[in-house]
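The values are calculated or read from the model by the stated rules, or taken from the named source; none is laboratory data. From a predicted model like this one, the values you see are computed outputs, not experimental measurements. Ideal geometry is used to build each Cβ from the backbone, glycine not excepted, and the neighbour counts take in all protein chains shown. Calculation scope for accessible area: heavy atoms of the full protein, side chains included, ligands and nucleic acids excluded. Shrake-Rupley method; radii C 1.70, N 1.55, O 1.52, S 1.80 Å.
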Amino acid sequence: MGMRVRITHSKCSLDQASAVIIKDCFDREYVESVVKAVPGLTNTGNLHSESEISVIRDEHVVKLASRYLVPGDVITLSADSHRLAMECDAVLMSGTCIVDESSLTGESVPISKVALTDDQNTLYLPKTHSINTLYAGTRVLNVLSGDHNYVKAIVVRTAIIVLDVATFLVPPLLPAVITSINAHSQRRLRRKGVYCLDPNAINSCGSVDVVCFDKTGTLTDDSIELSGVLPVDDQSFGEPIRDVTTLSTDNKLLLSLGCCHSLSQNEQGDIEGESIDMKLFEHCQWRFKKGQVVDDKLIFGNKPERIVGPDNGHGDINIMFGIVRQFPFESINRRQTVVIKRAYDQSYIVLMKGA
């Protein structure tokens, strides 16, 4: 391949990890006494996660324990990799992966990861190419491989994942001190006529500046609804369109709603992705056409990762669209782009959706 990937190696012992965590918190004597008192704490074998992963070694795919991975290894991920926990940082070189990054970001919405651009002048950097990187600690939910049964990724960083080290280093009296502080805070609030039912909420409320109250289901709802769309013609907004299903399948606005997204369909048939994209997709009454096309290469030229089309197509191949390439939304670019191709058509259509 033509792209350049800078490989780094990050691996630390438990002693090094402990020193980082407790450097500014506890004195050395206290740390040493805790480490000696807890059996197996100094055994790094008990404090890292591990799974079996497919690796290409000597041009053959072999199964190895993740602890044997080294930077530069090429790993493969297939449909069997559902819910696989990543044990390393790896840059995606082919296909698309749907990843759960909630353990890192706290966001429950699945994220699409796409292959790094095959460009000799592209130098891979973790921060710049986060949309191409599968991070350690995340889970692979779905794999979209296109022409192959698997996708490839290059390992760029490995690490021993140290777990719960800080748990052993908490001073025994700390919980009692926190409880005492909360009790004192409750008494102060009670004198002002404020009664606290959950003492744990006192710490959280202490950092709140403004509180807005609303009952879900009255003024607001926990979902989004699409009222309609406003077409643009000659740099001016047209009349609102409430029912987009009345638009022609060649209409670029309808194509954008049905194709310009990072949605995917898992093995159970459920659609995963951003809630806004899901609402737009449902509103235009389009569906994934997985399994309805016998020969993808004959119809689309190359096997697309996803095939979509209107639900009222009744299996008509001529009104199916293959999403051959996607560039997921990135805040730095403020846009999302897909390249699509209509069945039996030789031309490509580029659709863009901006923030």
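Things to note:
- Test: residue in segment 326-333 that is in contact with a helix residue (DSSP H, G or I) (Cβ under 7 Å, 6 or more places away or on another chain), surrounded by fewer than 20 Cβ atoms within 10 Å (Cβ to Cβ) and either assigned to a helix (DSSP H, G or I) or at pLDDT 90 or above (or both): no
- For segment 135-157, a residue qualifies if it is of a type outside the set (S, T, N, Q) and out of contact with any Asp or Glu (no Cβ under 7 Å at 6 or more places or on another chain), and the qualifying residues are 137, 140, 143, 147, 148, 150, 151, 152, 153, 154.
- Any pair with Cβ under 6 angstrom, 6 or more apart, that starts in segment 47-70 at a residue that is assigned to a loop (DSSP other than H, G, I, E, B) and ends at one that is at pLDDT 85 or above and open to solvent by 90 Å² or more (accessible area, probe 1.4 Å): none
Residue by residue, here is whether (1) under 15 Å from residue 98 (Cβ atoms); (2) touching a Phe, Trp or Tyr at 6+ places or on another chain (Cβ under 8 Å); (3) open to solvent by 70 Å² or more (accessible area, probe 1.4 Å); (4) part of a loop (DSSP other than H, G, I, E, B) holds:
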{"site": "239", "(1), (2), (3), (4)": "no, no, yes, yes"}
{"site": "245", "(1), (2), (3), (4)": "no, no, no, no"}
{"site": "249", "(1), (2), (3), (4)": "no, no, no, yes"}
{"site": "257", "(1), (2), (3), (4)": "no, yes, no, no"}
{"site": "277", "(1), (2), (3), (4)": "yes, no, no, no"}
{"site": "290", "(1), (2), (3), (4)": "yes, no, yes, yes"}
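- When segment 305-320 is limited to residues that are assigned to a helix (DSSP H, G or I) and modelled with pLDDT of 80 or more, the one that is surrounded by the fewest Cβ atoms within 10 Å (Cβ to Cβ) turns out to be 311.
- Candidates in segment 140-196 are the residues that are assigned to a helix (DSSP H, G or I) and of a type in the set (Gly, Ala, Ser); of these, the one that is modelled with the highest pLDDT is 185.
- Filter pass, residue 125 being closer than 19 Å to residue 332 by Cα and exposed (fewer than 13 other Cβ atoms within 10 Å of the Cβ): yes
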